[in-house]
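Heads up: the structure comes next, in structure tokens.
The values are calculated or read from the model by the stated rules, or taken from the named source; none is laboratory data. Computed from a predicted model, the values in this text were never measured in an experiment. In this analysis, Cβ positions are derived from the backbone assuming ideal geometry, glycine residues included, and neighbour counts consider all displayed protein chains.
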Amino acid sequence: MRVAYVTVHKLYVKLCVAVIFSLGACLTGYAQELYVGTAEVDFTPALPVALAGQGHLRIAMEVETPLKANIIAMESRGGNTLLETVVFVACDLVDIAPAYQAGVRKAVKHLLPSIDTAKVILTATHTHTAPVMDTLFSKYPIPPEITQPSAFEKFFIERVSAGIVKAWNSRVECTASWGLTHAVVGYNRRSSYFDGTALMYGGTYFPGFAGIEGYEDHDVNTLFFWNKKQELIATGVSVACPAQKTENGTAVNADYWHEVRGMLKKKFGDKLCVVGWIAAAGDQSPHVMYRHKADVRMHTLSGRKPMEEIGRRISNAVIEAHDIVKKDQHKQIPLVHTYENLQLPVRIITHKEYLDAKHTRDEVAAKIAADNKLAEKLRGEQFFNDKIVKRYENQQQGKQLLLPTEIHVVRLGDIVICTNPFELYTEYGIRIQGRSKALQTFVVQLAGEQGYLATEKAVKGGGYSATVFSSLVGAEGGQMLVDRTIDLIEEIMKAGK
């Protein structure tokens, strides 16, 4: 099936890029100057609250760490003329529900009418110990006496939109630099077997184990901003590992980013804003797949808990990069921001997948009908399988199912930051970085909630994160996403040259 890209903002983007750089050239005596503002917002929910991310109801009765949104607002100016903007908001959430993105943008537009709120980008760290967010997970029966998703949504939007206003109003002239170091944090979590199958967190201890399915990415991409006093006011840190070390917990917890933020603030001061980005890591996690006993022994001997060890590795990598690149600060640099709304093909469901989903849905429904106490545990399985059945039925009616997919590419000097709404398999991130003409390419996932996007190899192996149960878009759409992201990177890197 050949599917054409639908590009909502294509002409707008090209015109803006041309205007930005022609204007910059025409403003005699002026170059682009970078202004940056920051804010850190606490959106820890009222307790008790239902936690998202594990497919069944979990009620948190305590808070182990606060949940934060860290915000960087950037603009470039030529003289007194605003040329470009971008606002990054990194949130301690499992993903970014569409209503949250839309709600924040609407609120910010009301508070700051001059801002192009389409350039406000919310991303999630994928902690599995943050609140249930939307109607998808409220298909589980959530007791009325605990914080409801609708109440948390309103609270979150109010807090984060106010934080964006604070960041925007605190903008000061800054210099910037970027660095690349490394830290082992994420591990590929899919075991492959000699029979051709694969399994997330699959066992490695028997003769059928063939190896680990895919790539790992241990890069730590960093971005730094200093004010005129040479104080480090913000850093963007990209790590290819979802924040789910505490994923089975029953307390509110921001996971390893809480440790990273604390360690970096101890080094650079409490006012430092740490924007934590998750690079393409749909098939990665912070859990080791083998050598468990050796890993536990080293934690015990070091006296550090696993979460502290992750924080130490990332913060050390950031500090190392800072110490190297602080001598290479840039003041007059281009900031360009493009965004598009792609229409990616929804993954085709086979007849067998349809029959399996229909059987499971009906079987689960019968169990719930026989014992309503099972609803808490099984309602989600019923809901997801029903969605697969309905997708197949639409598919059989000849409907071409397309998924609107918002992507952004931001150029800052020699680097680019590109976002997508998926839990994107690491191989796609490597394809983008390998083909990019930028000096450094930050690939940031979970700027939305569109599920896993697995590779063709993973789809053949099956298992959670690679089946139709857990993915809306298949490998064909994944490559389309890569190709269009590269097109935008090439356009944006040519601009102004």
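Worth a mention:
- Hey, THR235 part of a strand (DSSP E or B) and in the same structural domain as ASP328 (by TED's automatic domain parsing) or not: yes
- Any hit, the range 446-464, residues being among the hydroxyl-bearing types (Ser, Thr, Tyr), within 22 Å of GLY179 (Cβ to Cβ) and modelled with pLDDT of 95 or more: no
- Close pairs (8 angstrom Cβ cut-off, 6 or more residues apart or separate chains): assigned by TED's automatic domain parsing to the domain that holds ILE233 and touching a residue at least 40 places away in the same chain (Cβ under 8 Å) in the range 308-331, among the basic types (Lys, Arg) and surrounded by 16 or more Cβ atoms within 10 Å (Cβ to Cβ) anywhere: ILE310/LYS245
- For the range 269-307, the tally of residues that are over 25 Å from the mean Cα position of the chain (by Cα) and either touching a residue at least 40 places away in the same chain (Cβ under 8 Å) or not assigned by TED's automatic domain parsing to the domain that holds HIS218 (or both) stands at 1.
- Within the set GLU476, GLU427, GLU376, GLU490, the sole residue that is under 18 Å from the mean Cα position of the chain (by Cα), of a type outside the set (A, V, I, L, M, F, W, C) and either in a helix (DSSP H, G or I) or farther than 30 Å from GLU84 by Cα (or both) turns out to be GLU427.
- Condition met for THR38 (at pLDDT 95 or above and not in a loop (DSSP other than H, G, I, E, B)): yes
- Hits in the range 97-114 (condition: crowded, with 16+ Cβ neighbours inside 10 Å and of a type in the set (D, E, K, R)): ARG105, LYS109
- Screening ILE348 with (1) aliphatic (A, V, I, L, M); (2) within 30 Å of GLN479 (Cβ to Cβ); (3) at pLDDT below 95; (4) crowded, with 19+ Cβ neighbours inside 10 Å gives one miss only, at (4).
- Of all residues in the range 75-105 being in contact (Cβ under 8 Å) with a residue 24 or more places away in the chain and part of a helix (DSSP H, G or I), the one that is nearest to ARG159 (Cα to Cα): VAL104
- Only one of the listed residues (ILE115, ILE157, ILE164, ILE121) is more than 30 Å from LYS373 (Cβ to Cβ), aliphatic (A, V, I, L, M) and part of a strand (DSSP E or B). That residue is ILE121.
- Meets criteria (part of a strand (DSSP E or B), within 23 Å of VAL89 (Cβ to Cβ) and in the same structural domain as LEU424 (by TED's automatic domain parsing)) for THR222: yes
- Residue in the range 248-259 that is touching a residue at least 12 places away in the same chain (Cβ under 8 Å), in contact with a Leu (Cβ under 8 Å, 6 or more places away or on another chain) and in a strand (DSSP E or B) present: yes
- Of the residues making up the range 431-457, those that are assigned to a loop (DSSP other than H, G, I, E, B) and either surrounded by 23 or more Cβ atoms within 10 Å (Cβ to Cβ) or of a type in the set (Ser, Thr, Tyr) (or both) are SER436, GLN445, LEU446, ALA447, GLY448, GLN450, ALA454, THR455.
- Subset tally (residues that are touching a Gly at 6+ places or on another chain (Cβ under 9 Å) and crowded, with 20+ Cβ neighbours inside 10 Å) for the range 467-481: 4
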